[in-house]
Amino acid sequence: MTTPVKKVPIHLQSSQNRLLIKNGKVVNEDGIFDADVFVEDGVIKELGRNLIIPGGTRTIDARGRYIMPGGIDPHTHFELQMMGAKSVDDFYQGTKAALAGGTTSVIDFVIPQQDEGLLEAYERYRMTADEKVCCDYALHVAVTKWDAKTREEMATLVQEHGVNSFKFFMAYRDVFMLRDPELIEAFKVCKSLGAVAMVHAENGDIIYENTKKLLAAGVMGPEGHEMSRPEEVEAEAVNRACIIANQVSCPLYVVHVMSRSAADALSDARARGVCVWGETLAAALGTDGTTYQHKCWRHAAGHVLSPPLRPDPDTPEALMKKLVLDGLQVTGSDNCTFNADQKALGKDDFSKIPNGVNGVEDRMSVVWEKGVHAGLMDPTRFVAVTSTNAARIFNLYPRKGVVAVGSDADIVVWDPSRKRIISAETHHQAVDFNIFEGMEVHGVAEYVIVGGRVCVDECQVKAVHGFGKYLETLPYPAYVYDAVEEHEKQPRGVARSEADAKRQHEEDLALA
Ligand code: URP
Ligand code: ZN
Ligand code: ZN
Ligand code: ZN
């Protein structure tokens, strides 16, 4: 008889179970304080100075460094099959690159293939991702058609599979797009399940018309991509989505806000009391749409994503200012990478260029450089927009998104004085191109810790295939649904009493 082998949990096999991070400054979204951080068995056990620590504990000296919650990238597309190509960063290489840049959790999108159900697609993603991920991950699910089965499967995903967010496309007509009556029904279902509705906001019908016109006029190159979907086409859809969501009291999250007018539409809606949150991208903060005029086709096509980068070179700073003032709340990467040969599918027709860019590795550095290093954003807001707000919106807080006793030990030790130059030559991603090529960034993830395991050690990536865990996201995130409840409490009708009526009649008579 063979002796059964006791299975040691992977985090214990490959990690020290105790860690002390000393002498640094802890940054959370609500403040900065001096504290040492003691980690045991994957969670933060103590915070403070002069902690009494068991012998043999590994110590990291964080003098002159910030100790921040690990980044949460709420928008990635690893191994996504789209427009005839499969994105080249898979769940292994994508999450390894995430770690290199200081991100400790990602939320990817299950996008069903044609004729594939939501549950089937979800299972496919779990099968693929579970064995590959180097950091923790959760899943949003995209709803690309509307019928009774979809409605039922949404409920099952929320109730049994830890999904609390669904993405709906207002663009990609005839592929993923839903129309307004379907969006109304879908948002009502999200609300009834305690989920968050997410939208890709661009007017798909207008894009369809413009694309036909441009191709007929002989505009075939990547510049046609932005021309077919200028910013008002994005802003209109943001506004429409906000109104639909508001009318059915469904909380809304607008992914990849790429233009000033779309960001204005979103922040105006928030000012009116609409329960909406907005995400912009590292791409939109770190580069701009002048790149579509580049004489090298590959360079221009390398920047094609939807909604596109904007030709106005002031847009990145305007979006950064929106993040600072809470007009926008989150930064994602929308990492969806295609190599030169895949982008070339659209060599003679811009509408066939697979959509997507990199960002999962460089998101934190780009936001730090353009925000904190540029003097526009303070480190607490940096933590909010790269980690905490996403954790709150998708119900991962306070397990994720904060350095606090009891939270997962997902920590980045950030050296603000160290510099690096971004390049496809040195990045950890699979893709052969980097939209931030040549950018010098201050602020480097020196140590990155996931569940107590040091996954980046003195800037050396030590990722473990399959180490990450699937994160169940539960319905009714308080951060979101408290706001919805508050909004619904607002008086809607005119309160009338008999006494009021009598008084009014008397006043009317006196005036007559
Ligand atoms: O161009 C993009 N954004 N590609 C990924 C799919 C999406 O719409 O997010
Ligand atoms: Zn999208
Ligand atoms: Zn080139
Ligand atoms: Zn996306």
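Some points to look at:
- Here the stretch 199-209 is the region considered, the condition is being open to solvent by less than 30 Å² (accessible area, probe 1.4 Å) and in a helix (DSSP H, G or I), and the residue that is nearest to LEU266 (Cα to Cα) is GLY204.
Okay, residues lined up against (1) under 20 Å from PHE436 (Cβ atoms); (2) away from ligand 1 (no atom under 14 Å from the Cβ):
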site	(1), (2)
GLN247	no, yes
ARG260	no, yes
HIS299	yes, yes
PRO308	yes, no
THR315	yes, yes
LEU319	yes, yes
GLY332	yes, no
ASN335	yes, no
ASN355	yes, no
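- Residue under evaluation ASN246, criteria (1) away from ligand 2 (no atom under 16 Å from the Cβ); (2) closer than 23 Å to VAL110 by Cβ; (3) not aromatic (Phe, Trp, Tyr), criterion not met: (2)
- Within the stretch 61-84, the set of residues being surrounded by fewer than 24 Cβ atoms within 10 Å (Cβ to Cβ) and either away from ligand 2 (no atom under 16 Å from the Cβ) or under 29 Å from VAL403 (Cα atoms) (or both) comprises ASP61, ALA62, ARG63, GLY64, ARG65, TYR66, HIS77, GLU79, GLY84.
- Here the condition is being of a type outside the set (Phe, Trp, Tyr) and touching a strand residue (DSSP E or B) at 6+ places or on another chain (Cβ under 6 Å); of THR103, THR128, it holds for THR103 alone.
- Filter pass, ALA404 being open to solvent by 10 Å² or more (accessible area, probe 1.4 Å), closer than 27 Å to ASP89 by Cα and part of a loop (DSSP other than H, G, I, E, B): no
- Test: residue in the stretch 308-330 that is within 16 Å of ligand 2 (Cβ to nearest atom) and among the hydroxyl-bearing types (Ser, Thr, Tyr): no
- Single residue of GLU506, GLU498, GLU488 found to be touching a residue at least 24 places away in the same chain (Cβ under 8 Å) and either surrounded by 10 or more Cβ atoms within 10 Å (Cβ to Cβ) or more than 30 Å from SER165 (Cβ to Cβ) (or both): GLU488
- Answer residue from the stretch 322-333, given it is open to solvent by less than 30 Å² (accessible area, probe 1.4 Å) and in contact with a helix residue (DSSP H, G or I) (Cβ under 7 Å, 6 or more places away or on another chain) and is farthest from ligand 4 (Cβ to nearest atom) among those: GLY327
- Hits in the stretch 21-31 (condition: open to solvent by less than 80 Å² (accessible area, probe 1.4 Å) and either farther than 16 Å from LYS45 by Cα or not hydrophobic (A, V, I, L, M, F, W, C) (or both)): LYS22, ASN23, GLY24, VAL27, ASN28, GLU29, GLY31
The values are calculated or read from the model by the stated rules, or taken from the named source; none is laboratory data. It should be emphasised that the depicted structure is a prediction, and the values quoted were computed from it without experimental measurement. Methodologically, a virtual Cβ is constructed for each residue, glycine included, from the backbone with ideal geometry; neighbour enumeration extends over all protein chains shown. Protein only, heavy atoms only, side chains kept; ligands, DNA and RNA dropped before computing areas. Shrake-Rupley method; radii C 1.70, N 1.55, O 1.52, S 1.80 Å.
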